[in-house]
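**Q** One structure coming up, written as structure tokens, with questions to follow.
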């Protein structure tokens, strides 16, 4: 009886430690709104961004629709639509794991676009990568063709889950919400 109890305790201990060694990445829902400022910034405020290709590969994701009430920022999108200062360009959401930086892949916008494919004539395009080291991080590389060239919003920053982050740019703004699943 004592040997069975000992083996049972050892088995329980081994199984309880298994997730520590085989930890998988946490999954998140990512929601993104991209918009244009309709009131242009003064020329001295504008930043010139390099037009280098994005430094990461994209992975296909299935976009979520609002049919299941998954878009938490739909009211913000509606307010942007009603404003004369902003022109909303896209609102989308997807689910993905937050791997460490070396294993994380980027999500292509629009779906199917790759850095090797030609730039769309209209609408925003680029890559968004979410990864987790000690904290959550986002790398954003969005571009918007305009009559004056291409506007680039390229940023990398630490983010908090369940908080809306404003990724500022004089012409091309983005709002990002990352929610744990």
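**Q** Which of the strands (runs of 3 or more DSSP E) contained wholly in segment 78-181 include at least 1 residues that are without any contact (Cβ under 8 Å) to a residue 40 or more places away in the chain and closer than 20 Å to residue 35 by Cα?
**A** The strands (runs of 3 or more DSSP E) meeting that bar are 125-132, 136-146, 149-159, 164-167.
**Q** Next up: Out of 78, 65, 38, I need the residue that is touching a strand residue (DSSP E or B) at 6+ places or on another chain (Cβ under 7 Å), at pLDDT 55 or above, surrounded by fewer than 17 Cβ atoms within 10 Å (Cβ to Cβ) and farther than 20 Å from residue 154 by Cβ. Which one?
**A** 38 is the lone residue from the list that is touching a strand residue (DSSP E or B) at 6+ places or on another chain (Cβ under 7 Å), at pLDDT 55 or above, surrounded by fewer than 17 Cβ atoms within 10 Å (Cβ to Cβ) and farther than 20 Å from residue 154 by Cβ.
The values are calculated or read from the model by the stated rules, or taken from the named source; none is laboratory data. Treat the numbers as computed from the prediction; the structure is a model and nothing was measured. Glycine gets a Cβ as well: all are built from the backbone with ideal geometry, and neighbour counts include every protein chain shown.
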